[in-house]
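Engineer: Right, I'll just put the structure down here and ask away after.
The values are calculated or read from the model by the stated rules, or taken from the named source; none is laboratory data. Note that this is a predicted model, so its numbers are computed, not measured. Positions of Cβ are generated from backbone atoms using ideal geometry, with glycine treated the same way; all protein chains shown enter the neighbour counts. Please note that ligands, DNA and RNA were not included when accessible areas were found on the heavy atoms of the full protein model with its side chains. Shrake-Rupley method; radii C 1.70, N 1.55, O 1.52, S 1.80 Å.
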Amino acid sequence: MDDKILDSVGDLELAGQAGAATSNLHVGGTMTRDEGEMAFYGKKAQLKRRFGFLSIVGFICSLLATWEVMFAVFLYGFQNGGPAGLVYGYIFCWVYKPSRAFIFGSSPGTLAAMASLAEMASMMPLAGGQYHWVSILAPPSTAKFLSYITGWLTVIAWEAAQASVAFLGATIIQGLIILNQPTYRPTRWQGTLLYYFVLAFMVFINTFLARWLPQVEGIFLCVHVIGFFAVLIPLVYLGPHGSAKDVFATFINGGGWSSDGLSFFVGIIASVYTFTGADSANHMAEEVYNASTVVPWAIVATIMVNGVLGLALLLALLFCLGDIDAALNTPTGFPFIEIFAQATNSNTAATIMTCLILFLLAASGSGGMATASRLLWSFARDNAVPFSGYVSRVHPTTGLPLYSILVSAIIAFLLALINIGSTAAFNAIISMVVAGFMASYMVPIALILHKRLRNHPDKDKLNWGPWHMGPVFGPIVNAVGLGYIVIALFFSFFPSTVTVNPVTMNWSCLLFGATVLFSIVYYMTYGRHAYKWPVVDTIRRDR
């Protein structure tokens, strides 16, 4: 729906898709629909709206980089679950048995979780996303506290996420060097310098090209789709072909777990990671036209598109494994590089195919930095972080939160220094990406499900947006999404093998606990006095 100018003393009518409910939002001054929706929650538009539906879809698709990331984390899922575990785990994490109602049917996995978030994004299209939603969904006595903790979890998860993508890119570059120069011995300091090279690309996109970010993301989307075929066709046409039994009936318990079922659930974290970050559109909402309608549909469309591309290339990779032992034990550290080399019988072709994936991962990192900076800016706008007055500044000419972009870049830069001293310590930080995201999803979904089930005529009355799943499908999708998130969160703390050492141990449980503890302490000493949670309607205050 196009923007429309509203009368200064009239009601702001939020019309959505056919059949969407409307709600009266009293705002002052002549403003657009997007500005009115922000004003209802006490926020003033500060960022320039540049994104439409296709550009924000391109942004999320390139950020998720589902099929590209699947190649990078392939080993983790293959070790725990094998080919069959990867396929069924991917389907479980994406969508299973969708009904004719599309997303509103029985849909375990990311689709159900993201549909739940999409509905809340339509209700409250603000850059804070999860922590803003919690502030209006939680009971009054705990709303400020839960909102603050959720905000810190989300901020730290996104800051770690951008670092994890840069680290993946750096290690893939080292893998390519090994492929072409077998005598090369990678070192941590060299990996850190390559990390900074990828980080510089991310910063360049988010500063010098930021005013044209929608157009840039459109280019990334084209490369994302074209690159899919550029990798798929030579892999399938030139590579060896396995049997259906090898792919769909072969389980591997390489982690030494007590059962194949347990190994399967440990391995699904690889697939969970490939869909992590779909909430990015929520945090870019204040730069999207008609955000309450466009953002939720963009999230759902992205999950479907990327899910199809990811599943297709996963199947292609599994059918064209070739020499499995050589792929798993490759000195490059990435089985997909060895699989490319075997399929094409050419290191040059494998290098070109890998460089395409590398470029798209760097593009994903640039989207991750954009999202992390907008979320940090929003949290600073609510006076929730140190030096909020500076971090929340917006450049008057470009309408960009340049200070928060700079801070996000500095955080990523400093995190890489840890890798020079200890890879285990750096891995511990980026390993909490999945846990941080899942926890930030879990809190608002659990709260909105509680309100739906209680259904109190006054306490549970919400200002639904135009993208609304209704009283029947809504609770079902929320419950299924919540169940998936709990499973993903629980197994995100497991190491890949039963026998661990300080390097192979999954330290995300420690880092997650430390993050929660830090958030609580900081809230008690500073946040509860300074944090400015969103202004909401009188119904919210009377609960």
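Engineer: Taking residue 263 and the conditions (1) touching a strand residue (DSSP E or B) at 6+ places or on another chain (Cβ under 7 Å); (2) polar (S, T, N, Q); (3) open to solvent by 40 Å² or more (accessible area, probe 1.4 Å), which numbered condition does it fall short on, given that it satisfies the others?
Structural biologist: For residue 263, the failing item is (3).
Engineer: Moving on. Of all residues in segment 167-190, which are of a type in the set (Phe, Trp, Tyr) and within 22 Å of residue 417 (Cβ to Cβ)?
Structural biologist: If the condition is that a residue be of a type in the set (Phe, Trp, Tyr) and within 22 Å of residue 417 (Cβ to Cβ), then 167, 189 are the ones that fit.
Engineer: Hey, another quick one. Check residue 278 against each of (1) open to solvent by 50 Å² or more (accessible area, probe 1.4 Å); (2) in contact with a helix residue (DSSP H, G or I) (Cβ under 7 Å, 6 or more places away or on another chain); (3) assigned to a loop (DSSP other than H, G, I, E, B) and name the one condition it does not meet.
Structural biologist: Condition (1) is where residue 278 drops out.
Engineer: Another question about this same structure. Only one residue in 66, 32 is modelled with pLDDT of 90 or more and either under 30 Å from residue 496 (Cβ atoms) or crowded, with 18+ Cβ neighbours inside 10 Å (or both), so which one is that?
Structural biologist: Going through 66, 32 in turn, the sole match is 66.
Table: residues versus (1) under 24 Å from residue 126 (Cα atoms); (2) buried (at least 18 other Cβ atoms within 10 Å of the Cβ).
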{"position": "457", "(1), (2)": "no, no"}
{"position": "460", "(1), (2)": "yes, no"}
{"position": "464", "(1), (2)": "yes, yes"}
{"position": "484", "(1), (2)": "no, yes"}
{"position": "490", "(1), (2)": "no, no"}
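Engineer: Is it the case that residue 501 is open to solvent by 50 Å² or more (accessible area, probe 1.4 Å) and assigned to a loop (DSSP other than H, G, I, E, B)?
Structural biologist: yes
Engineer: Could you check, for segment 385-392, whether at least one of its residues is small (Gly, Ala, Ser), in contact with a helix residue (DSSP H, G or I) (Cβ under 7 Å, 6 or more places away or on another chain) and farther than 27 Å from residue 287 by Cβ?
Structural biologist: no
Engineer: Give the residue that is farthest from the chain's Cα centre (by Cα), with candidates limited to residues of segment 149-201 that are charged (D, E, K, R) and in a helix (DSSP H, G or I).
Structural biologist: Going through the qualifying residues, I end up with 188.
Engineer: Please list, ordered by first then second residue, the pairs with beta carbon atoms under 7 Å, 6 or more apart or interchain, first in segment 65-81 and touching a residue at least 60 places away in the same chain (Cβ under 8 Å), second in a loop (DSSP other than H, G, I, E, B) and open to solvent by less than 10 Å² (accessible area, probe 1.4 Å).
Structural biologist: Every condition considered, the pairs that remain are 66/275; 79/255; 80/255.
Engineer: Does residue 237 satisfy being open to solvent by less than 10 Å² (accessible area, probe 1.4 Å) and among the aromatic types (Phe, Trp, Tyr)?
Structural biologist: In short, no.
Engineer: Ok, one more. Within the set of pairs 6+ apart or on separate chains, which have a first residue in segment 515-543 that is in a loop (DSSP other than H, G, I, E, B), a second that is modelled with pLDDT of 90 or more and acidic (Asp, Glu), and C-beta atoms under 8 Å apart?
Structural biologist: These pairs meet every condition: 531/382; 532/382; 533/382; 534/382.
Engineer: Would you confirm, using the coordinates I've provided, whether residue 419 is over 22 Å from the mean Cα position of the chain (by Cα), of a type in the set (S, T, N, Q) and under 23 Å from residue 161 (Cα atoms)?
Structural biologist: Answer is yes for this residue.
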